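Visitor: Dropping a structure here in structure tokens format, bear with me for questions.
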Amino acid sequence: MATAAPTDVALGKPGVLAREKARKGPRKGPNPLLYVAVAGIVVFCLFPFYWLINVSLKTGADLSGADLLPPNPTLANYESIFRNDDFIKALQNSAIVSLTVTLLSLIIGSFCAYALARLRFRGKYFILAAVLSVTTFPGIAIAAPLFKLWTDLEIYNTLIGLIIPYLTFALPLTIYILVSFFKEIPKTLEEAALVDGATNFQAFYKIVIPLAAPGMATTAILTFIFAWNEFLLAITLTSSSAARTVPASIAFFTGSTQFEQPLGTISAASVVISIPLILLVLLFQKRIVAGLTSGAVKG
Amino acid sequence: MATVAAPPATTGTPRNRRSGKGLSERRLAALMVSPSIVLIAIVAAYPIGYAIWLSLNEYSVRVPGLSRWAGLRNYEAAVTSDTWISALGTTFLFTGASVFLELLLGLGMALAMHAAFKGQGLLRTVVLVPWAILTVVTAITWQTIFNPELGFVTTMLNSLGLPGADTVWLGERGWALAVMVFADVWKTAPFMALLLLAGLQVIPDDVYDAAKVDGASAWQRFLRVTLPLLRPAILVALIFRTLDALRIFDLPFVLTRGANGTNTLSLEAYTQFNQNGILGLGAAMSVLTFVIVMFVSFLYIRFVGGNIRAMAGEDT
């Protein structure tokens, strides 16, 4: 844990918390304003999503009332979306795309990150700068040419056509986070292995990778969330439910008539596709925060 | 790129002998780096080049594959089109407003979270919820909240007897953009808060204690100690958010399809090449978006460029 990230390091220092408490605790009681602020944060962050759940449990006339609790809670909207083949297909597509991208990005990215963190070769700065510059690329600048290119290569409207660009956009983050994780692993461990006759590559996958497991988990989670979330390429590189992922499918959700917005079912679908991400947040809050802030504090 | 395909390292130098068998260090490095570089070259560098090529040609809408050289005519058409200019204005207005509000709110949230020792873990989880929720779902959520007939806001205004209950929020210029800013602030102020919280946590207590001894008030300590020491974290957070806001696409697409003064640069380019099928013009607009984003990030990286150099150069 101590190697996880600056955040954890700061919290993990034995004296810090104790000293804080000693300094602040006895001198003044809990500030009531702080409670107000904390309550404000909780309501601000959670209420909108609560509202969405609330709407998703209403049908018919209840939908046009703004009750904070559904007067006649029903799972009808959920039943309806799980009978919708396009939605089921989109869930499958999203799962395949996100998991594949996560796995491949870990493998390819950890190679690159290890070379950048440990091996001696020329052009390191150039490669890292090139990798990081991708994070500033606007998706739209890639979308139009990829749309044409994928059509020519006949991978337009396929899952592989989504996986390839997602991988490219996931790699910089993976590499950036893993480089800093790899650097925190003491070099002496690999050096001992090298002395014992291991190759550089063996030192990498037998020693560094297991030790960097927390870092790998962090990048895996962030990559999965990115791939699950991506929207612009998902709608430009697909044209039917065959390859549409959940965000794309939900944006084109239509009601029984063209002018009716099926508010209840859209809300239910929105809740369902958010569940995997909420679960990740609940289970891996520390990892996610460590990953998100790993670049910020060192800068 | 030339360095990637560097000639095989001379085997037998002392360093390589130390690693015993296996590939030489430099050759291993080339092998390990190349998959990433190849992917980035194919999916990022090549398409940008291709986009520039597309933007310099005109394509027939009726006959697929028919094109002719257009020079800079597409760019001329883009920068003189009213929709593009208004999209440019909207994008900058949206970026300025949302990033500013996110910084204020994020800073406030970070300070509160920093002061709240007991529930900090729980608070961080709570704060991550908006961050994790898909942008598309964020848009749908705020649509339902601002829905003119059955939304939360309208009903609240009605029951409190406040004016504005008959506003069609997403149907009016100004309000539509305000809802978009609001939705973005909701989704990303927490992210800002987490970055700033991490920055706050590395400020040593001694600094505050020293300031206290010198008789600085809480407000003075915030202005003279916290803010300057938080500057690097604030800068990084601002970069991330500004670049994202300049590229914004999903939010206006789902909220309004770009209607009522919410059309952004990315959305306008998408509309041209995807909806209207005008590939050359759409590509030109994409390239312009790219140039604008690159220019802004270049300005930022002037400030924090040392970070990349430090990462790459530390051990060499």
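The values are calculated or read from the model by the stated rules, or taken from the named source; none is laboratory data. Quick caveat: nothing in here was measured; it's all calculated off a predicted structure. Cβ placement follows ideal geometry from the backbone for every residue including glycine, while neighbour counts extend to all protein chains displayed.
Visitor: When B:Gly171 is evaluated against the numbered criteria (1) closer than 26 Å to A:Ala268 by Cα; (2) more than 9 Å from chain A (Cβ to nearest Cβ); (3) at pLDDT below 90; (4) in contact with a helix residue (DSSP H, G or I) (Cβ under 8 Å, 6 or more places away or on another chain), which criterion, by number, is the only one it fails?
Guide: Just one mismatch for B:Gly171, condition (4).
Visitor: Taking only segment A:234-253 into account, find how many residues are under 17 Å from B:Pro252 (Cβ atoms) and buried (at least 24 other Cβ atoms within 10 Å of the Cβ). Break it down into steps so the answer makes sense when it comes.
Guide: Filtering segment A:234-253 for residues under 17 Å from B:Pro252 (Cβ atoms) gives A:234-236, A:247-248, A:250-252.
Narrowing the set further to residues that are buried (at least 24 other Cβ atoms within 10 Å of the Cβ) leaves A:234, A:247-248, A:250.
Summing the residues that are under 17 Å from B:Pro252 (Cβ atoms) and buried (at least 24 other Cβ atoms within 10 Å of the Cβ) in segment A:234-253 gives 4.
Visitor: Further, regarding this structure: Using beta carbons and a limit of 9 Å, which pairs, at least six apart or on different chains, have the first residue in segment B:270-288 and surrounded by fewer than 24 Cβ atoms within 10 Å (Cβ to Cβ) and the second one part of a loop (DSSP other than H, G, I, E, B) and at pLDDT 80 or above?
Guide: Close Cβ pairs (under 9 Å, with a partner that is part of a loop (DSSP other than H, G, I, E, B) and at pLDDT 80 or above) amount to B:Thr271/B:Arg257; B:Thr271/B:Asn263.
Visitor: Since B:Arg68 meets every condition but one in (1) part of a helix (DSSP H, G or I); (2) surrounded by fewer than 18 Cβ atoms within 10 Å (Cβ to Cβ); (3) of a type in the set (D, E, K, R), which condition does it not meet?
Guide: In the conditions (1) part of a helix (DSSP H, G or I); (2) surrounded by fewer than 18 Cβ atoms within 10 Å (Cβ to Cβ); (3) of a type in the set (D, E, K, R), B:Arg68 misses (1) alone.
Visitor: Further question on the same structure: When segment A:128-144 is examined, which residues are found to be part of a helix (DSSP H, G or I) and buried (at least 24 other Cβ atoms within 10 Å of the Cβ)? Can you show your working first?
Guide: Here is the first cut: in segment A:128-144, the ones part of a helix (DSSP H, G or I) are A:128-136, A:139-144.
A:Val131, A:Ile140, A:Ala141, A:Ile142, A:Ala143, A:Ala144 - these are the residues of segment A:128-144 that are part of a helix (DSSP H, G or I) and buried (at least 24 other Cβ atoms within 10 Å of the Cβ).
Visitor: Right, something else. Any residue in segment A:194-212 that is more than 18 Å from A:Phe111 (Cβ to Cβ), modelled with pLDDT of 90 or more and not hydroxyl-bearing (Ser, Thr, Tyr)?
Guide: no
Visitor: From the list A:Ile221, A:Ile160, pick out the single residue that is buried (at least 18 other Cβ atoms within 10 Å of the Cβ) and in a helix (DSSP H, G or I).
Guide: Step by step, each of A:Ile221, A:Ile160 is checked, and only A:Ile221 is buried (at least 18 other Cβ atoms within 10 Å of the Cβ) and in a helix (DSSP H, G or I).
Visitor: Here is a follow-up. Before we move on, is B:Ile203 surrounded by 16 or more Cβ atoms within 10 Å (Cβ to Cβ) and either part of a loop (DSSP other than H, G, I, E, B) or of a type in the set (D, E, K, R) (or both)?
Guide: Yes.
Visitor: Tally up the residues in segment B:135-150 that are without any contact (Cβ under 8 Å) to a residue 60 or more places away in the chain and at the interface with another protein chain (Cβ under 7 Å from one of its Cβ atoms), please.
Guide: 6
Visitor: If you don't mind, another one. Can you find a residue that is within 30 Å of A:Leu233 (Cα to Cα), within 10 Å of chain A (Cβ to nearest Cβ) and of a type in the set (Val, Ile, Thr) anywhere in segment B:254-273?
Guide: Scanning segment B:254-273, I find at least one residue that is within 30 Å of A:Leu233 (Cα to Cα), within 10 Å of chain A (Cβ to nearest Cβ) and of a type in the set (Val, Ile, Thr), so the answer is yes.
Visitor: Continuing with this model, one more query. Only one of B:Ser55, B:Ser36 is under 23 Å from B:Val291 (Cβ atoms), within 10 Å of chain A (Cβ to nearest Cβ) and modelled with pLDDT of 85 or more; which?
Guide: B:Ser55
Visitor: So, A:Phe169, is that one under 30 Å from B:Pro130 (Cα atoms), out of contact with any strand residue (DSSP E or B) (no Cβ under 7 Å at 6 or more places or on another chain), of a type outside the set (Gly, Ala, Ser) and assigned to a helix (DSSP H, G or I) or not? So that I can check it myself, show each step before the final result.
Guide: Values: under 30 Å from B:Pro130 (Cα atoms): yes; out of contact with any strand residue (DSSP E or B) (no Cβ under 7 Å at 6 or more places or on another chain): yes; of a type outside the set (Gly, Ala, Ser): yes; assigned to a helix (DSSP H, G or I): yes.
Judged against the criteria, A:Phe169 is a match.
The rows are residues; the columns are (1) touching a His at 6+ places or on another chain (Cβ under 6 Å); (2) more than 21 Å from A:Val55 (Cβ to Cβ); (3) assigned to a helix (DSSP H, G or I).
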| residue | (1), (2), (3) |
| --- | --- |
| B:Gly121 | no, yes, yes |
| B:Glu149 | no, no, no |
| B:Pro163 | no, yes, no |
| B:Val225 | no, yes, yes |
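Visitor: Taking interchain pairs and intrachain pairs at least six residues apart, which have beta carbon atoms under 6 angstrom, with the first residue in segment B:113-134 and closer than 17 Å to A:Ile225 by Cα and surrounded by fewer than 20 Cβ atoms within 10 Å (Cβ to Cβ) and the second of a type in the set (Asp, Glu) and modelled with pLDDT under 90?
Guide: Filtered contacts from segment B:113-134: no entries.
Visitor: State which residue pairs qualify: first residue over 16 Å from A:Ala243 (Cα atoms) and inside segment A:158-180, second residue outside any helix (DSSP H, G or I) and at pLDDT 90 or above in any location, beta carbons under 8 Å apart, and separation of 6 or more residues or different chains.
Guide: Here the result reads A:Phe169/A:Glu230, each pair linking segment A:158-180 to a residue that is outside any helix (DSSP H, G or I) and at pLDDT 90 or above.
Visitor: Can you give me the number of residues within segment B:227-259 that are at pLDDT 85 or above, of a type in the set (A, V, I, L, M) and not in a helix (DSSP H, G or I)?
Guide: The qualifying residues number 1.
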